[in-house]
Amino acid sequence: MRNGFDGGVHPPHYKTHTEDVAIRSAREPEVVVIPLVQHLGAPCEATVKKGDVVDVGQVIGDASAFVSAPVHASVSGKVFKVEPRLHPALGKPVPAVIIESDGENRWHDSIEPRDAEDLTPEEIIRTMRTAGLVGLGGAAFPTAVKFSPPKDKPVDTFLLNGAECEPFLTADHRLMLEGTADILTGMRVMMRALGVTTGTICIEDNKPDALAAMEAACKDVPDIKVVSLKTRYPQGSEKQLIKSVLNRDVPPPPGLPMDVGVVVSNVSTAHALSRAFKTGMPLIERVVTVTGPAIAEPANLLVKIGTLFHQLIEECGGFEGNASRLIMGGPMMGIAQFSTDVPVIKGTSGILALGAEDEWDGEATACIKCGRCVDVCPMRLVPILISAYAEREWYEKAEQLYAADCLECGCCSFICPARRPLVQAIRMAKQHIMNQRRERQAAST
Amino acid sequence: MTDYKFVVGSSPHLRTSENTPRLMFYVLQALFLVAVASTILFGVRAMAIIGVSVLAALAAEALWQKGLRQPVTVADGSAAITGLLIAFNMPPLVPLWVPALGSAFAVIVVKQFFGGLGHNFMNPAAAGRAFLVSAWPLAMTSGWLTPFDGATSATPLQVLGGSSGSLPEGWQMLMGWRAGCIGETSALVILIGGLYLIYRQVIDWKIPASFIGTVALFAWVFGGTDGWFTGDVLTHVLSGGLLLGAFFMATDYVTSPVTKRGRLIMGLGCGLLTALIRLWGGYPEGVTYAILLMNVATPLIDRMTIPRPFGTRQTKVTG
């Protein structure tokens, strides 16, 4: 049954820093910066203005577009400003609502627990939307959209993604140990929303305690099973997970898991959905792993969305030694930051600080054509040729070699013995190709 | 916290610890075993050939790069590998200037002329050997000795090709107790070195397996004197430069395909050409030319074997 996927690499896990550190709540932030774009899709418009008093869980930004998710106040207090602030994923200032906390944590009137048991799929999906749920694994795709497949795309299988294949990150791992019941509840609600009768929880075998916890919780649950996956990066990528567990091949972009009858959701997202019903509170906090050799006391923190990185880093003892790289997310796909003055957003699974003394990179040397990038590509691409074309700006050639299918998982750059920036070059080609396709589409309509 | 300056780079922010010099070091480890074996078999003469050849390769690269004011890359180990492989392809009685010249030619003309490591289109050692064979055929195809006793003798492939002499026993062939180039005879040691590189994931098993397999098949079917399917497979596989070429020269990264299917084709092609030359060609040995021809075909093989990307297979939905 476990067929595995093509390629992949085995980076060191580096999870020991935090895998045994229980989740604890971060200090209450005095100020939160809540960007109005925290998801893939249409940006939100602010629904509050400077000087407004807001309560915890109150909508502060929303959009009417289908592919979007509202954002909520994570503290109670006064709106200090609505202005562009540096965004950790987009790398540029993006409109954000800045709230000064009054320290009262006063809940908004609309917050009330709901029983998910007797809700219809439509009502569940509506709650996913109003709770501002997005995929918490990192991609931040609006959950309500994912759970609304068109009628011609029947879904027969639901996978709960607990692979957490990025090195260093342990947020999902800890949540599986400490929020087992909530994850299971959320998963059941998700299955009901899809109308599927069986679900599978997928966990890599480097988390035996999480596997055991989930298996114990599912012992008397016939319609949910737990599978142990042989640890290999990027198993947590939806396409690779579906291949590993179900041996189904998701078509290349714009193909989606629903094209092969599958919906995949992260364990943290299921947990958040369960909380959204239990407490009625929308997505205003998440677990963030603050870790890395340049962090003094690595930890898994439950963090209010909008809390600034530097507060969390200080809370973890500050930088230790010479911090040279600050990354949002894991080391394989995470986004490098140039400032600690950026907020935690819904997609922030980790804050990672790497030290200068560790050799994380190195100067690129001549390609020796060893072909390792080809061997490890989970999409069966030929990174060596695509990147060579991209470097010469021969984007048509790169497109013919399926550059647009690239996941940007980073396996090729990771394995390259000549330290060549393969993903970087392919990403460039990919952006160029996507822009051209968009232009062509715009021209034809 | 504002005084920190962070490096902002593209993901991934983590790299494997294996780099080019490390991979070359693994190859050098394997080749060192072969060098020890050839010194045991052919004595001081082997040591001298190896020393001269490696020094010439290193000096040629350093001088060339110094002269052109390029960074000197001798430390990456690739020139040393070329020097060792040239040495291994020498008859024991070869004059010492021959390997020196061959190494210099391989490094400068075959590698540096085309842009240095990663840019050559033929394996430098194989091309260097081919150059020497065509320029000084006598020095390169005579001077064979039996190990230890130092008596002149014909090589097994010459015997198979009709020269007078007797074939060594199978175990003698395996241990390298036969006439031949100094580094090609010790089959067992080459095998150990090759398997070590496969274990270290430095080389892909597909090239040596399909190369040796194809030669073995052809030798068995067509190599016999009593009709089809009577060939002496073991002698063919263990003689000449087949093992050395299959494990250490055909697997050269730069000049072999990067795709999985391409590597199989590389091995098959090398095997086919080697068998053709050995069984029906004018030379007793064809490994060098087979590898060179397949080197030249490598870019074409790569382009013809681009895999279909993930997701192009049709999947049925049951729901």
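Antiparallel beta bridges, as assigned by DSSP with both residues in segment A:80-238, represent about 40 percent of the total such bridges. On a per residue basis, segment B:231-313 carries 35 Å² of accessible surface, using protein heavy atoms and a 1.4 Å probe. By accessible area, using a 1.4 Å probe on protein heavy atoms only, the protein assembly as shown has 59% of its surface on carbon and sulfur. One decimal place: the segment A:Glu215-A:Asp118 gains 32.3 nm when fully extended, by the rule 0.36 nm per residue minus the C-alpha distance.
So which residues in segment A:395-444 end up with at least 30 square angstrom less accessible surface once the other protein chains are there, compared with the chain by itself, probe 1.4 angstrom? Buried-area filter returns A:Tyr402, A:Ser413, A:Phe414, A:Pro417, A:Arg419, A:Arg427. Remark on chain A: A:Cys44, A:Cys165, A:Cys202, A:Cys218, A:Cys316, A:Cys367, A:Cys370, A:Cys377, A:Cys406, A:Cys409, A:Cys411, A:Cys416 stand apart, with no other cysteine beta carbon under 4.7 Å. Here's the picture: a label point sits 7 Å out from the Cα of A:Arg106 along the beta-carbon direction, and within segment A:45-69 the residues with their amide nitrogen under 14 Å of it are A:52-58. Close amide-amide hydrogen proximity is noted between A:Phe338 and no other residue 5 or more places distant or on a separate chain, at a cut-off under 5 Å (H modeled in the peptide plane; Pro and chain starts excluded). Close amide H contacts of A:Ile351 (hydrogens built in the peptide plane, cut-off under 5 Å, sequence separation of 5 or more or a different chain): A:Thr289, A:Val290, A:Thr291, A:Gly329.
Could you work out the local net charge near B:Asn123, counting Lys and Arg as +1, Asp and Glu as -1, over the other residues with Cβ closer than 10 Å to its Cβ? In short, +1. Applying both filters, DSSP loop and at most 13 other Cβ atoms within 10 Å, to the GluC sites (Glu not before Pro) of segment A:87-160 gives A:Glu104, A:Glu117. Per-residue Karplus couplings for segment B:168-183, computed as 6.51 cos²θ - 1.76 cosθ + 1.60 with θ equal to phi - 60°, are listed in order as x, 5, x, 5, 5, 4, 5, 7, x, 7, 7, 6, x, 5, 4, x Hz, Gly and Pro entered as x. Given a Förster radius of 35 Å and the C-beta distance between A:Asp205 and A:Leu302 as r, what FRET efficiency does 1/(1 + (r/R0)^6) yield to the nearest 0.05? With R0 = 35 Å, the Cβ-Cβ based efficiency is 0.85.
Legend: calculated FRET efficiency, B:Leu167 to B:Ala135, from the Cβ-Cβ distance at R0 = 22 Å, rounded to 0.05, equals 0.15. Counted by Cβ distance under 12 Å from A:Arg27, the other residues give a net charge of -2, where Lys and Arg count +1 and Asp and Glu count -1. For chain A, the antiparallel share of DSSP beta bridges with both residues in that region comes to about 65%. For the pair segment A:222-267 and segment B:207-234, the centres of their Cα atoms are 46 angstrom apart.
Within chain A, the whole DSSP H helices whose Cα atoms reach 30 Å or more along their own axis and whose mean Kyte-Doolittle score is at least -1.0 are A:422-444. The ellipsoid equivalent to the alpha-carbon distribution of segment B:20-302 has semi-axes of 28, 22, 17 angstrom, derived from the gyration tensor eigenvalues as √(5λ) and listed largest first. Between A:Lys151 and A:Ser64, the C-beta separation translates, for a Förster distance of 22 Å, into a calculated FRET efficiency of about 0.45.
Surface burial for A against B, with a 1.4 Å probe and both sides summed, reaches about 5200 Å² of accessible area. Remark: segment B:31-44, residue by residue, has Karplus-estimated 3J(HN,Hα) of 5, 4, 4, 5, 4, 4, 4, 6, 5, 4, 6, 10, x, 4 Hz, where x stands for each Gly or Pro and the curve is 6.51 cos²θ - 1.76 cosθ + 1.60 at θ = phi - 60°. Note on A:Lys146: lysines with a C-alpha under 20 Å away, same-chain residues under 8 apart excluded, are A:Lys239, A:Lys243, A:Lys346. Other residues with beta-carbon under 15 Å from the beta-carbon of A:Glu104 carry, at +1 per Lys or Arg and -1 per Asp or Glu, a net charge of -3. Computed 3J(HN,Hα) for segment B:189-197, one whole-Hz value per residue from the Karplus formula 6.51 cos²θ - 1.76 cosθ + 1.60 where θ = phi - 60°, is 5, 4, 4, 4, x, x, 5, 4, 5, glycine and proline marked x.
The values are calculated or read from the model by the stated rules, or taken from the named source; none is laboratory data. Keep in mind that this is a model prediction, so the values were computed, not measured. Counting neighbours? That spans all protein chains shown, and the Cβs are built from the backbone with ideal geometry, glycine included. Quick note on the areas: whole protein, heavy atoms, side chains included, nothing else; ligands and nucleic acids left out. Shrake-Rupley method; radii C 1.70, N 1.55, O 1.52, S 1.80 Å.
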